[in-house]
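Nothing in this text is a laboratory measurement; each read-out follows from the coordinates by a stated rule. Since this is a predicted model, take the numbers as computed values, not measurements. FYI the Cβ positions are ideal-geometry reconstructions off the backbone, even for glycines, and counts take in every protein chain you see.
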Amino acid sequence: MSASLPNVTVLGLGRMGTAIADRLAGQGWEVTGWNRTPVSAAGSITLAADPADAVAKAEIVVLALYDGPACREVISRIKPALRPDSLIVNTSTIAPAEAAALSSDLGASYLHAPVLGSVPAVTSGSLTILVGGQPARSVDVLASLGRIETVGDAATAAALKLIANSSLAGVVSALRESLQQAAALGVPRDRALDILALGQLGGLVTRKRQVLLGEATPTQFTIGALAKDADLLSTASGYPLPYAAELAESAADPDADIALAATVPPVDAAVLAPLNAYIRGHATGDPAHFRAAFLPSAHIEGIRAGAFVSWDLEQYCAKFDGTPAPDEASRRRRIDSVEVHGTVATASMTLWHGPDTFKDIFLLVHTPTGWHIANKAYARS
């Protein structure tokens, strides 16, 4: 790069911001950096104590901030100090509406450019940059960081970044389920990872193997940041995203690497106990198992013979005579899902009973005597 390149300021020197600043400085750019909390000088980056001072000479201002509110707050602080020809390139992951509002406010002075990839991709200059707008004035800076993918306007770029991160959340969730199943079957984690690395989860398993085995490695993307992105996507789309709740309620440290979300232990056996008692009730025809599974106040509701029915527990138990169904050997039941939210949980189960298939939906609560089913609704097909 030539020494006459425009001055660049990077606002936000977290993991990604620092990596971006280091990469640009290494490519010959004159880089000034600023962070809301004090940081030590690194390499050839000039540190500023105030964001307005940091942008005073900058032709290009790169934002690498945590969220939309942080972007708005920092932009409000630097606007009076910006040069008339300055361009703000925002690599932060924010909501589509937030990106659209910043673009509307700043006009041609704003380019929304979230990135796909983490610190290693920045270091190697192999990021994919989702550019919402016309990148002509910033193309050299962006080309120093990776490959430019022009995707439309600012809101579209923000939306696509969230969609990309939701796929990562889905992969982490799939890996968690695989590791939980391996543990339940007594398969050592390292051996399970050997095989998972050969399949569809191979990319994540290979990159995160050390983390998954409990070894200390630098964190590149945190559970909390991924949970924030999942929540932004769900809120923006208005469409349920199970991963958002899973990540937000993960037992793992929100500041930990995303891979640790895949090492969360399975649902506690105590939560499964009433569901298994319910299964035993059907398998044996013994209503005592249902009384152990349900709260005395529970109701069982659904459509039977074309009419809505609502039975209390004793009415339901009266339908069982203490003997298995004649075709019990051919019947099957499967717990499909369990989601625990503190002292309440939801669960679903499929029952194949002869020609009929039932889908049962349960609400469970934790009481002084343990977990119990508070209510059940079912559909029959």
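Miscellaneous remarks
- Available extension along the chain between LEU185 and GLN210 is 6.8 nm, counting 0.36 nm per residue and deducting the alpha carbon span.
- Cα centroid of the stretch 313-380 to Cα centroid of the stretch 109-185, whole Å: 42
- Dipole moment magnitude, nearest 20 debye, the stretch 285-381 about Cα centre, only Lys, Arg, Asp, Glu C-beta charged: 180
- Lysines with Cα under 23 Å of LYS228, excluding same-chain neighbours fewer than 8 positions away: LYS161, LYS208
- Angle between the chain longest axis and helix 202-212 axis [Cα atoms, degrees, rounded to 10]: 90
- Label reach from ASP327 (point 7 Å along Cα→C-beta): in the stretch 277-302, amide nitrogens under 16 Å belong to 283.
- Rounded to the nearest 20 debye, the dipole size of the chain about its Cα centre is 400 debye, using +1 on the Cβ of Lys and Arg and -1 on the Cβ of Asp and Glu.
- Value at 222 nm in deg cm²/dmol, rounded to 500, when DSSP H runs of n ≥ 4 in the chain each add -39,500 (n - 2.57): -12000 deg cm²/dmol
- Most to least packed among 273-280, 299-306 [average Cβ atoms within 10 Å]: 273-280, 299-306
- Phi angles across the stretch 257-271 convert, under the Karplus curve 6.51 cos²θ - 1.76 cosθ + 1.60 with θ = phi - 60°, into 3J(HN,Hα) values of 4, 4, 4, 5, 5, 7, 9, 5, x, x, 4, 4, 4, 5, 6 Hz, Gly and Pro given as x.
- Taking the fewest neighbouring Cβ atoms within 10 Å as the starting point, the ordered list for THR9, THR284 is THR284, THR9.
- Compared with the direct C-alpha span, the chain from ALA283 to ILE163 gains 38.8 nm at full extension, assuming 0.36 nm per residue.
- Computed over the chain with a Gaussian network model linking Cα atoms closer than 10 Å, the most mobile of LEU111, LEU313, LEU145 is LEU313.
- In summary, the aspartates and glutamates within cross-link reach of LYS319, defined as a Cα separation below 15 angstrom excluding same-chain residues under 8 places away, comprise ASP286, GLU301.
- Highest-fluctuation residue, GLN210, GLN315, GLN220 considered, GNM on the chain with Cα pairs under 10 Å: GLN315
- Size of electric dipole in the stretch 8-152: Cβ of Lys, Arg +1 and of Asp, Glu -1, about Cα centre, debye, nearest 20: 80
- Listed by chain and number, the lysines whose alpha-carbon sits under 19 Å from that of LYS57, ignoring those within fewer than 8 places in the same chain, are LYS79.
- Note on the stretch 44-90 and the stretch 292-309: Cα centroid distance 60 Å, given to the nearest whole angstrom.
- Legend: P(r) of the chain from all alpha carbon pair distances, 10 Å bins from 0, whole percents, reading 5, 19, 23, 18, 14, 10, 7, 3, 0.
- For the residues LEU13, LEU87, LEU106, a GNM of the chain with alpha-carbon springs under 10 Å puts the largest fluctuation on LEU106.
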